[in-house]
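Trainee: Please see the structure below; I have some questions.
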């Protein structure tokens, strides 16, 4: 899956999320499936929820963590592709 810096990822309307003691719980309201997201995944989800673009999320990761831009793009692309495959995110 190819993302550009301008790609905006959004959760579909049937997805709800809530912070928990362990991170973030994401629930598919149609299927009842739920997922736990912790660590940097929690941070990424919040940036996605705030409407940040792929490029803005990459920059935020680079500014916050010790990671180069190429690695951040690759890791974010893999994370997003996995969530898209599960129906939790859409482009």
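Quick note: the coordinates plus some simple rules give every number you see, no bench work behind them. Here the structure is a predicted model, which means the values were calculated and not measured.
Trainee: Would region 1-73 count as rounded, prolate or oblate if I go by the C-alpha gyration tensor, calling it rounded below 1.5 in a/c and otherwise prolate when a/b exceeds b/c, oblate otherwise?
Mentor: Values: a/c = 2.52, a/b = 1.53, b/c = 1.64.
Taking the square roots of the gyration eigenvalues as a ≥ b ≥ c, region 1-73 is oblate.
Trainee: Where does helix 54-64 land angle-wise versus the long Cα axis of the chain, in degrees 0 to 90, nearest 10?
Mentor: The two axes meet at around 70 degrees.
Trainee: Continuing with the same structure: What number, in percent, do you get for the relative contact order of region 1-87 if the mean sequence gap of Cα pairs under 8 Å and at least 6 apart is divided by its residue count? The partial results should precede the final answer.
Mentor: Working: 86 pairs, mean separation 25.5, N = 87.
With pairs under 8 Å counted, the relative contact order is 29 percent.
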